[in-house]
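Data first, discussion second: the structure below is written as structure tokens.
The values are calculated or read from the model by the stated rules, or taken from the named source; none is laboratory data. Keep in mind that this is a model prediction, so the values were computed, not measured. Quick reminder, even Gly has a Cβ in these numbers, built from the backbone with ideal geometry, and neighbours come from all protein chains shown. These accessible areas exclude ligands, DNA and RNA; they are computed on the full protein's heavy atoms, side chains included. Shrake-Rupley method; radii C 1.70, N 1.55, O 1.52, S 1.80 Å.
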Amino acid sequence: MKKTIALDMDQVLADLVQEKLDRFNKKYDKQLTKKDMVGYTLVEKFPELKDEIYQMVDTYDFFRHLPVIEHSQDVVKELSEHYEIFIATAAMFAPESFQAKFEWLREHFPFIPPHNFIFCGVKSIVHTDYLIDDSLDQLEIFKGQGIMFSAPHNRYEDFDVKLDDWLHVRDYFMTALTTEK
């Protein structure tokens, strides 16, 4: 029986930060980059614009056109040959995102069956062997082995297993296959 991996969508598979920065920069005539966001979210950096930032994000169009994070497609496809892959996305925090996230996943990860998509709020309900997520809050309530995926906002967060990119994710899981046998 294959071990199971749940993957967060936003900022693990889909580059939410870049899309948010692109839209924010255009709307507010700024030139922010991911380097400017190290250790912060946009809301933390601009608390006075909190409502506007949430409105900008909670749209079908925002989630439907997110860029794919580099190497995620190839690595997830390779891992799916050895592990059962699930997508666990906290869609409840952006209710307008459901349809867009579903369509985005079908387009960019067609090899993952739709019945393996989990649209939830908190991920404590997910019972896979592993969870790869960028959110410390989600990882702390997960009961299996959590793996933090590096993102600008979590750069200074400590976690037992923290991986910088999808090439490191592949190495971690391919090594785990050989040590588990």
Discussion item. When the residues of the stretch 36-54 are narrowed to those that are farther than 17 Å from Phe93 by Cα and of a type in the set (Phe, Trp, Tyr), which ends up most open to solvent (accessible area, probe 1.4 Å)?
Written reply: Tyr40
Fill in: Of all residues making up the stretch 106-125, the number that are under 23 Å from Asp164 (Cβ atoms) and part of a helix (DSSP H, G or I)
2
Worksheet item: Hey, among Ile141, Ile87, which residue is of a type outside the set (Lys, Arg) and surrounded by 21 or more Cβ atoms within 10 Å (Cβ to Cβ)?
Response: Ile87
Item to complete: Exactly one condition in (1) buried (at least 16 other Cβ atoms within 10 Å of the Cβ); (2) at pLDDT below 95; (3) in a loop (DSSP other than H, G, I, E, B); (4) not aliphatic (A, V, I, L, M) is not met by Thr128; state its number.
Response: (2)
Practice prompt. Scan the stretch 104-121 residue by residue and report those that are open to solvent by 50 Å² or more (accessible area, probe 1.4 Å) and in contact with a helix residue (DSSP H, G or I) (Cβ under 6 Å, 6 or more places away or on another chain).
Written response: Phe111, Phe119
Worksheet item: Can you find even one residue in the stretch 55-69 that is closer than 23 Å to Tyr156 by Cβ, open to solvent by 50 Å² or more (accessible area, probe 1.4 Å) and not in a loop (DSSP other than H, G, I, E, B)?
Response: no
Worksheet item: Of all residues in the stretch 144-181 being polar (S, T, N, Q) and in contact (Cβ under 8 Å) with a residue 12 or more places away in the chain, which is most open to solvent (accessible area, probe 1.4 Å)?
Response: Gln145
Worksheet entry | Residue in the stretch 139-149 that is in a helix (DSSP H, G or I) and of a type in the set (Lys, Arg) present | no
Worksheet entry | Flag if Gln99 is open to solvent by less than 30 Å² (accessible area, probe 1.4 Å) and in a helix (DSSP H, G or I) | no
Discussion item. Tell me whether the stretch 23-31 contains one or more residues that are loosely packed, with under 15 Cβ neighbours inside 10 Å, modelled with pLDDT of 95 or more and of a type in the set (S, T, N, Q).
Written reply: yes
Discussion item. Of everything in the stretch 16-54, what is hydrophobic (A, V, I, L, M, F, W, C) and assigned to a helix (DSSP H, G or I)? Give them in sequence order.
Written reply: Leu16, Val17, Leu21, Phe24, Met37, Leu42, Val43, Leu49, Ile53
